[in-house]
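Scroll down for the structure; my scribbles are underneath it.
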Amino acid sequence: MRVHIKQTGLEYDGFIRIESADLAFEKFSGEMSGAVRRFRYHRGDVAAVMIYDAGRDRVLLIRQFRYAVHARTGEGWVTECVAGIQEKGESIEAVARREVREETGLKLAELELLAEYYFSPGGCSDKVHLFLGTLVDPEQSLGVYGVPQEDEDIQACWVSLSQALEMARSGQIQDAKTLIGLHMLENRLLRRAVQDSPA
């Protein structure tokens, strides 16, 4: 695919970075488009972890305040899976392990990549790396966690998988990475049950 970039610019550089580009791109017909301006929002790739305890058929979810949701709804507490932004020089697996420790006080045992996806490709180039994780000690007590210097206030709690899936279906969970993780986990368990069932 041909893309002719004529000019780029930096519109904003803070917690997020917004770049602009004046360009033309090859259309399905093979012709080049007219001149268009597009924007790219960039903050950094995200590691998200759907933590599953197979022994008790439950998932670990967190609740935290999200201003963007509050600005739209008047509410602000969002139920989601653990996630965080990759820092420079940090592997995406290290991000997952760090965030689980910071947001739940717990330690990951194993990580398996479920999916990588662009969460808003119309304007954002960041990817979510979604993992399935298990814990070293799923019986360890939970509480309220977060990084104090970032004023995080994060409550971790176990939810049965069936309840979490019902929360997703009823709209109580509206966070995309959590919805994707729950449904991928459900599909995996259903496939495993079919494979393990006698013919």
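FYI, it's all coordinate maths here, none of it is from the lab. As the structure is a prediction and not an experimental result, all values here were calculated from the model. Here the Cβ positions follow ideal geometry from the backbone for every residue, glycine too, while neighbour counts run over all protein chains shown.
Screening the chain for whole DSSP H helices of 24 Å or more along their axis (Cα) with average Kyte-Doolittle hydropathy at least -0.5 returns 176-196.
Cα centroids of the stretch 87-112 and the stretch 133-188: 15 Å apart. The mean sequence distance of close C-alpha pairs (under 8 Å, at least 6 residues apart), as a share of the length of the stretch 46-196, puts its relative contact order at 29 percent. Highest GNM mean-square fluctuation among Q149, Q86, Q174, for the chain modelled with Cα contacts below 10 Å: Q149. Highest mobility in the GNM of the chain, judged by mean-square fluctuation with C-alpha springs under 10 Å and restricted to V144, V36, V159, is found for V36.
Listed values for the stretch 18-32 are Karplus-derived 3J(HN,Hα) couplings in whole Hz (6.51 cos²θ - 1.76 cosθ + 1.60, θ = phi - 60°), namely 10, 10, 10, 8, 9, 8, 9, 10, 6, 8, 4, 6, x, 7, 8, and x replaces Gly and Pro. What separates the Cα centres of the stretch 2-23 and the stretch 42-64 is a distance of 33 Å. Couplings 3J(HN,Hα) of the stretch 44-60, computed from phi: x, 5, 10, 9, 10, 10, 8, 8, 10, 10, 5, x, 10, 6, 9, 10, 9 Hz, in residue order, whole Hz [Karplus 6.51 cos²θ - 1.76 cosθ + 1.60, θ = phi - 60°; x for Gly and Pro]. Structure remark: mean-square fluctuation, Gaussian network model of the chain, C-alpha springs under 10 Å; the largest value among A176, A71, A94 belongs to A71. In the list [x] 36, 14, 14; [y] 26, 19, 18; [z] 35, 22, 16, the label attached to semi-axes √(5λ) of the Cα gyration tensor in Å as derived from the coordinates here is [z]. Loop-only check: which chymotrypsin sites (Phe, Trp or Tyr not before Pro) in the stretch 61-123 are DSSP coil with at most 16 other Cβ within 10 angstrom? Sites meeting the loop and neighbour criteria: F119. For the stretch 1-84, GluC sites (Glu not before Pro) meeting the loop criterion (DSSP other than H, G, I, E, B) and having at most 10 other Cβ atoms within 10 Å: E31, E75. Among D126, D57, the ranking by other beta carbons within 10 Å of each residue's beta carbon, starting with the fewest, stands as D57, D126.
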